[in-house]
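The next block holds one structure in the form of structure tokens; read it before the comments.
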Amino acid sequence: MNSLRVAVTGASGLIGTQLCAFLTTGGHRVDRLVRRDAGPGEIQWDPARRTLDARALEGVDVVVHLAGENVAGGRWTAARKSEVMKSRVDGTHTIASAVAQLDQKPLLISASAVGYYGHTGDVVVDEASPNGTGFLAEVCKAWESAADPARAAGVRVVHPRIGVVLSGKGGALAQMKTPFLFGAGGPIGDGRQGFPWIAMDDTIGALHHLMGARIDGAGIEGPVNLVAPGATRQGEFAKALGHVLGRPSFMPLPGFAVRTIFGEMGQGILLDGQRVEPKRLLASGYTFARPELEAALRFELGR
């Protein structure tokens, strides 16, 4: 791949930090979008006010939009749900409207999530599957639709629907391993719900791959599931994590306790789940670096 100029939102987040480092090391130029006054290598924007000077994106080859409020940041009160929805819709609309104004249209990689599919039960879904029900599904649908101004202007838009990213540097894995280390780990609820995970290496590798990926001779666009193959269940993940950490994994967190402690957020994130396959990512020729769960956990946790 030739050297690219890539603009990244959410550059200080768990994924964004790793992506920027990877691209810079690979010889690409990275411009980070920031809400404060911009310094060298930065572009100022204000997604809450939907302001971004499109001229600052002239000459950019790819825009990777990762920014958005954390859905697991607390109970889903009406105010919290509004913040989550607004952050994703406003940020995406701001980016999409800006790139739509450019004469030289960049590729827009605008993040989404596997929550798009809602709770899938035993059904294994791929990118052709319909939008599900529930708050996360509603957010993901609105999140992706907010990129319509770019699509209408002829911009090629890719929506990586990202699963649970496994990283030893933080995120979900850091929170999940704590009870295991104290001997209190185990499945959440009945453990049968889907747990669509992806290693950090493959998250970054897949995002880089999407910058040049093609299917049937054309540049890839639309939804692409960023999950490891295998449609893992939550109980399988708990067993693997316990094995890697050398701790028991038979202490379940009952569903009623999850709902009591976390409310709707606990149901939507911990008890509901998706069994997802990365059909389009594999069809585009991507080769996973860490497709096996236990090996991915050992690498990320240094075990």
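Rundown of residues vs (1) over 25 Å from ALA113 (Cβ atoms); (2) touching a Gly at 6+ places or on another chain (Cβ under 9 Å); (3) charged (D, E, K, R), yes/no style:
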| residue | (1), (2), (3) |
| --- | --- |
| GLY10 | no, yes, no |
| LEU14 | no, yes, no |
| CYS20 | no, no, no |
| ARG32 | no, yes, yes |
| GLU42 | yes, no, yes |
| TRP45 | no, yes, no |
| VAL63 | no, no, no |
| ALA72 | no, no, no |
Inset, instruction - Kindly list the number of the only condition in (1) under 25 Å from VAL139 (Cα atoms); (2) in a helix (DSSP H, G or I); (3) of a type outside the set (A, V, I, L, M, F, W, C) that fails for ASN225. - result: (2)
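For the range 1-45, list the strands (runs of 3 or more DSSP E) that sit wholly inside it and hold at least 3 residues that are crowded, with 18+ Cβ neighbours inside 10 Å and on the phi < 0 side of the Ramachandran plot; which are they?
Numbers: elements: 5-9, 29-34, 42-44.
Of the strands (runs of 3 or more DSSP E) lying wholly inside the range 1-45, those with at least 3 residues that are crowded, with 18+ Cβ neighbours inside 10 Å and on the phi < 0 side of the Ramachandran plot span 5-9, 29-34.
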Legend entry - Residue list for the range 193-222, restricted to those being aliphatic (A, V, I, L, M), at pLDDT 95 or above and either over 18 Å from the mean Cα position of the chain (by Cα) or part of a helix (DSSP H, G or I) (or both): MET200, ILE204, ALA206, LEU207, LEU210
Legend entry - Near pairs, Cβ below 9 angstrom, 6+ apart or cross-chain, from the range 76-102 (free of Cβ contacts under 8 Å to residues at least 60 places away in the same chain) to any residue that is among the β-branched types (Val, Ile, Thr) and part of a helix (DSSP H, G or I): LYS81/VAL139; VAL84/VAL139; MET85/VAL139; ARG88/VAL139; VAL89/VAL139
Inset, instruction - Can you confirm whether the range 104-112 contains a residue that is on the phi > 0 side of the Ramachandran plot, buried (at least 16 other Cβ atoms within 10 Å of the Cβ) and either at pLDDT 95 or above or of a type outside the set (D, E, K, R) (or both)? - result: no
Legend entry - Residue match in the range 242-264 (condition: under 18 Å from LEU297 (Cβ atoms), out of contact with any helix residue (DSSP H, G or I) (no Cβ under 6 Å at 6 or more places or on another chain), surrounded by 21 or more Cβ atoms within 10 Å (Cβ to Cβ) and not acidic (Asp, Glu)): no
Inset, instruction - Six or more apart or on different chains, Cβ under 8 Å: which pairs go from a residue in the range 126-149 that's modelled with pLDDT under 95 to one that's basic (Lys, Arg) and part of a helix (DSSP H, G or I)? Could you list them? - result: PHE135/LYS81
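The values are calculated or read from the model by the stated rules, or taken from the named source; none is laboratory data. All figures in this text were calculated on a predicted structure; none of them were measured in a lab. Virtual Cβ from ideal backbone geometry, glycine too; neighbours counted across all protein chains shown.
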